[in-house]
Amino acid sequence: MSLPPRIPYIVIGAGIHGLSTAWNLAKRLPGGGEDVLVIDKHGMASGASGIACGVIRNNYYQPAMRELMAHSVRIWESDPKAFSYHPVGYMQISCEAMRSDVAQIAREQQEIGYESVFVDGARDSLKYMRDLLDDWQARGITSVLHEKKGGYANNTASVYGLAGKAEALGVRVATGVEVTGFERESGSVAIRAVQTNRGPIACEHVVVAVGPWVKSIWDLLELPKAIDVKGPDGRLATDVPMWVYWSLQEGTLDVDPNLQQTNDGRMPPVIHVDSDAPLYSDLDGSLITDETWGIYYKPDFNFGGIQGGAAPFRVRADPDGVKVDPYGPASPDFVVGEDFTHMWTSALAFCQKRFEGKSGMYKREPSGGIGCFTPDSFPVFDRFCENVYLIADSNHGYKMIGVGELVAQELTGATSALLEPFRFSRYAEGRLHPRSHSPFPWS
Ligand SMILES: Cc1cc2nc3c(=O)[nH]c(=O)nc-3n(C[C@H](O)[C@H](O)[C@H](O)COP(=O)(O)OP(=O)(O)OC[C@H]3O[C@@H](n4cnc5c(N)ncnc54)[C@H](O)[C@@H]3O)c2cc1C
């Protein structure tokens, strides 16, 4: 495709956010999609959106995240076929340390009309789980939050579904076009053109939706590498790195997905378990961990088995030296190792008898990927350099298909109350999101 020399809106990144924003801009602009160009250095779904587990849930301790997710779930529900969305529901199954956090989530879900069931207490939790999956055997569980909405979607298929909607409204998607720099208006910080490997493209607005590559674009925009963050206690932490990387741990058990049917023969909700019970190896009985651990899993025909993951770990290297490319399973540095396989398959067996003795069936193929996280591990949706809109989801984001609609509203003159809690200024002002007791950085 030949590139236009100028276009009002350039969207960098053809993942879930870039394409959702482009589609929604096309719906709102008088010139429709003709005024929107999406560029991607590789192809559609070649970033995190194309390898995401695809879980869609509302289980967040932070009220602002919950309201945002409820909005996104409505978008998933608006066209399940095009988005390859499976509304099987989602379960947060927790140990005592998380019971009151999750009870609060359940109460607040009721307040915003998000349908869920909260089961309180060890005995009732066990009964609830066994009524659904009769081989349930996880110990130390004292609450279950069963979200009736949400579930999961097929990663690449949903990105292509979004692209189809955007292109049908006239949006152009140019692949193999890499952003290498920015040209500024004279005497201003505003961007007047995006430099690419195929020449400059003049523009009025830039949308940055580059997922794990956000740090490289942030650096090209000459934004600060480190910032001050005011904590909830009013204390200022200075020189905090703006971007850090976490390694996401995911894999697949190579069994028939139908192995994980409910007692009445249906596909079950996505299951997420957080436990502080000691976890022993399903292979040799050795202790794997006596600290809080967590896993999630679902039967998935797209991945060809039982697919899921465990808590990620922070990449300790200097963020300037972390190699994001080659990305995902192609990375020599950030694919899961033997520790993950052992832990995750043993945890599956801890939860359900049907997974005992199945660790040898783990798919021996590279999986996982890295995510680029903000200082508080929550998204930043905000304008920079006057005309650059940054969508940095801090790796929460495949499920956030609706953010593009809200960003498109803001780009065309409105302000979104749902996006307001995610401004960059929250770090300096100490308006941080509350933290839960989950072992995951994203709950
Ligand atoms: C293993 C894994 C599992 C995950 N599971 C889930 C999950 O179950 N649920 C969930 O909600 N989230 C999940 N996530 C997080 C989620 O995938 C991301 O938050 C989300 O997909 C980010 O979308 P994006 O559109 O911002 O970026 P991406 O999908 O990464 O797209 C960014 C695009 O930008 C392009 N790009 C980068 N730099 C440039 C440049 N200089 N010029 C041009 N193009 C460029 C890339 O080629 C890429 O295609 C997971 C992430 C990982 C890694």
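Evaluation of SER331 against the conditions (1) free of Cβ contacts under 8 Å to residues at least 60 places away in the same chain; (2) open to solvent by 20 Å² or more (accessible area, probe 1.4 Å) shows that the sole unmet condition is (2).
Please go through the range 147-177 and pick out each residue that is more than 13 Å from the ligand (Cβ to nearest atom) and either on the phi > 0 side of the Ramachandran plot or not in a helix (DSSP H, G or I) (or both). Result: GLU147, LYS148, LYS149, LEU169, GLY170, VAL171, ARG172. Return yes when TYR85 is modelled with pLDDT under 95 and within 16 Å of the ligand (Cβ to nearest atom) and no when it is not. Spelling it out, it is not the case that TYR85 is modelled with pLDDT under 95 and within 16 Å of the ligand (Cβ to nearest atom). Every condition in (1) closer than 30 Å to ALA330 by Cβ; (2) in contact (Cβ under 8 Å) with a residue 60 or more places away in the chain; (3) within 27 Å of the chain's Cα centre (by Cα) holds for ASP256 except the one numbered (2).
Here ASN395 passes the criteria (1) in a helix (DSSP H, G or I); (2) of a type outside the set (A, V, I, L, M, F, W, C); (3) in contact with a Leu (Cβ under 9 Å, 6 or more places away or on another chain) except the one numbered (1).
Residues that are farther than 19 Å from ALA153 by Cβ and either in contact with a Gly (Cβ under 7 Å, 6 or more places away or on another chain) or open to solvent by 10 Å² or more (accessible area, probe 1.4 Å) (or both): does the range 14-24 have at least one? No, the range 14-24 has no match at all.
Checking each residue in the range 397-417 for being surrounded by 19 or more Cβ atoms within 10 Å (Cβ to Cβ) and modelled with pLDDT of 95 or more picks out TYR398, LYS399, MET400, ILE401, GLY402, VAL403, GLY404, GLU405, LEU406, VAL407, ALA408, LEU411. Pull up the range 12-59, narrow it to residues that are near the ligand (Cβ under 6 Å from one of its atoms) and hydroxyl-bearing (Ser, Thr, Tyr), then point me to the one that is nearest to GLY304 (Cα to Cα). Result: SER49. Considering only the range 39-58, I want to know if a residue exists there that is crowded, with 20+ Cβ neighbours inside 10 Å, over 13 Å from ASN155 (Cα atoms) and of a type in the set (A, V, I, L, M, F, W, C). Yes, the range 39-58 has at least one match. Taking VAL36 as the residue in question, decide whether it is β-branched (Val, Ile, Thr), over 30 Å from ALA174 (Cβ atoms) and touching a Pro at 6+ places or on another chain (Cβ under 8 Å). In short, no.
The requirement of being among the charged types (D, E, K, R) and surrounded by fewer than 18 Cβ atoms within 10 Å (Cβ to Cβ) is fulfilled somewhere in the range 147-160, by at least one residue.
Counting just the residues of the range 185-199 that are more than 23 Å from MET44 (Cβ to Cβ) and open to solvent by 70 Å² or more (accessible area, probe 1.4 Å), which one comes out nearest to the ligand (Cβ to nearest atom)? That would be ARG192. The C-beta contact set for the range 12-30 (first residue polar (S, T, N, Q), second residue assigned to a loop (DSSP other than H, G, I, E, B), distance under 6 angstrom, 6+ apart or interchain) comprises SER20/ILE401.
GLY181 meets each of the listed conditions (1) loosely packed, with under 15 Cβ neighbours inside 10 Å; (2) part of a loop (DSSP other than H, G, I, E, B); (3) touching a residue at least 24 places away in the same chain (Cβ under 8 Å) apart from (2). Of everything in the range 230-247 that is open to solvent by 20 Å² or more (accessible area, probe 1.4 Å) and touching a residue at least 24 places away in the same chain (Cβ under 8 Å), the residue that is farthest from PHE355 (Cα to Cα) is GLY234.
The values are calculated or read from the model by the stated rules, or taken from the named source; none is laboratory data. Bear in mind that the values here come from a model prediction, so they are computed numbers and not experimental data. All Cβ positions, glycine included, derive from the backbone under ideal geometry; neighbour counts span all protein chains shown. To get the accessible areas, we keep the full protein, side chains included, count just its heavy atoms, and leave off ligands, DNA and RNA. Shrake-Rupley method; radii C 1.70, N 1.55, O 1.52, S 1.80 Å.
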